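Undergrad: I'd like to ask you about the structure that follows.
The values are calculated or read from the model by the stated rules, or taken from the named source; none is laboratory data. Since the model is a prediction, treat every value here as computed from it, not as a measurement. Positions of Cβ are backbone-derived with ideal geometry, glycine not excepted, and every protein chain shown enters the neighbour counts.
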Amino acid sequence: MIRDYQAIQCSWFLKGKQRTVPTYGRHQGAKLLGTLNYETGEVFVVETENYDAAVFLEFSKQVFWKYPSGKIVMILDNARIHHAKLIQPFLEENRHRLELVFLPPYSPELNLVEGLWKWLKETIINNVFYSKVQEIKINVRKFIADINTDTANIINRLCVQM
């Protein structure tokens, strides 16, 4: 979730004149689900209003349709929705192509897409005030579109080079 309360990131300012960024603290924002294609560098992101098993199932189907051939491995945390009974029939039906790999607790550094979320926040949220959540969503979409024009940069920034 890209929240509407902003943070000060590394910034230069005159001594005694620290930059202030206002906030309205409504705890809203852009809820995102995303994938990073390790081979191509392509980022696929979907906005959602809520995050539950039904939304995760729909997102999984979209990923499956986006990549119509080859093996798909999704790296996930152990959120309950990733194990929900609702998604089990879809996983079973597509087990030959879709594999879910669950990370150990408290290990976001092992999931490459977490680097994407950090990059996104550094670029569009930190040191900026948005008066409306819709402005955040517009800038999230623009960020994703912009980085997808240079997938080599995505690979260099987020993917481990072997």
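Undergrad: I'm trying to understand the selection: among the residues of region 144-156, which are part of a helix (DSSP H, G or I) and surrounded by fewer than 14 Cβ atoms within 10 Å (Cβ to Cβ)? Give the derivation first.
TA: Filtering region 144-156 for residues part of a helix (DSSP H, G or I) gives 144-147, 151-156.
The answer is Ala145, Asp146, Ala152, Asn153, Asn156.
Undergrad: If Thr151 meets every condition in (1) touching a Ser or Thr at 6+ places or on another chain (Cβ under 8 Å); (2) modelled with pLDDT under 90 apart from one, which number is that one?
TA: With (1) touching a Ser or Thr at 6+ places or on another chain (Cβ under 8 Å); (2) modelled with pLDDT under 90 applied to Thr151, the lone miss is (2).
Undergrad: Could you please find all residues in region 92-128 being outside any loop (DSSP other than H, G, I, E, B), touching a strand residue (DSSP E or B) at 6+ places or on another chain (Cβ under 9 Å) and surrounded by 12 or more Cβ atoms within 10 Å (Cβ to Cβ)?
TA: Within region 92-128, the subset outside any loop (DSSP other than H, G, I, E, B) is 92-93, 98-102, 108-110, 112-124.
Keeping just the survivors that are touching a strand residue (DSSP E or B) at 6+ places or on another chain (Cβ under 9 Å) gives 98-102, 110, 112-113, 115-117, 120-121, 124.
Passing the criteria: Leu98, Glu99, Leu100, Phe102, Leu112, Val113, Gly115, Leu116, Trp117, Leu120, Lys121, Ile124.
Undergrad: Does any residue of region 82-91 turn out to be under 18 Å from Asn37 (Cα atoms) and not aliphatic (A, V, I, L, M)?
TA: No - not one qualifying residue is present in region 82-91.
Undergrad: Within region 65-90, can you find the residues that are assigned to a helix (DSSP H, G or I) and closer than 24 Å to Pro108 by Cβ? Show your work before the answer.
TA: The initial filter retains those residues of region 65-90 that are assigned to a helix (DSSP H, G or I), namely 65-66, 80-83, 85-90.
Once the filter is applied, which keeps residues that are assigned to a helix (DSSP H, G or I) and closer than 24 Å to Pro108 by Cβ, region 65-90 yields Lys66, Arg80, Ile81, His82, His83, Ile87.
Undergrad: Moving on. Does region 129-143 hold any residues that are at pLDDT 90 or above and more than 14 Å from Lys31 (Cα to Cα), and which are they?
TA: Result: Lys142, Phe143.
Undergrad: Of all residues in region 45-63, count the ones that are surrounded by 16 or more Cβ atoms within 10 Å (Cβ to Cβ), assigned to a helix (DSSP H, G or I) and touching a strand residue (DSSP E or B) at 6+ places or on another chain (Cβ under 9 Å).
TA: Of the residues in that region, 5 qualify.
Undergrad: Would you check which residues across region 123-148 are of a type in the set (Asp, Glu) and within 15 Å of Val43 (Cβ to Cβ) and list them?
TA: Taking region 123-148 and keeping what is of a type in the set (Asp, Glu), we get 135, 146.
Hit for region 123-148 is Asp146, nothing else.
Undergrad: Using the structure shown, decide if Gln18 is surrounded by 14 or more Cβ atoms within 10 Å (Cβ to Cβ) and either of a type in the set (Lys, Arg) or modelled with pLDDT under 90 (or both). Steps first, answer last, please.
TA: Values: surrounded by 14 or more Cβ atoms within 10 Å (Cβ to Cβ): no; either of a type in the set (Lys, Arg) or modelled with pLDDT under 90 (or both): yes.
No, not satisfied.
Undergrad: Hey, can you tell me all the residues within region 64-90 that are touching a strand residue (DSSP E or B) at 6+ places or on another chain (Cβ under 7 Å), loosely packed, with under 14 Cβ neighbours inside 10 Å and closer than 15 Å to Phe102 by Cα?
TA: Within region 64-90, Val73, Asn78 meet the criteria.
Undergrad: Given the condition loosely packed, with under 12 Cβ neighbours inside 10 Å, of a type outside the set (Lys, Arg) and not in a helix (DSSP H, G or I), answer yes or no: does some residue in region 129-143 qualify?
TA: Within region 129-143 (the criterion being loosely packed, with under 12 Cβ neighbours inside 10 Å, of a type outside the set (Lys, Arg) and not in a helix (DSSP H, G or I)), the answer is yes, since at least one residue qualifies.
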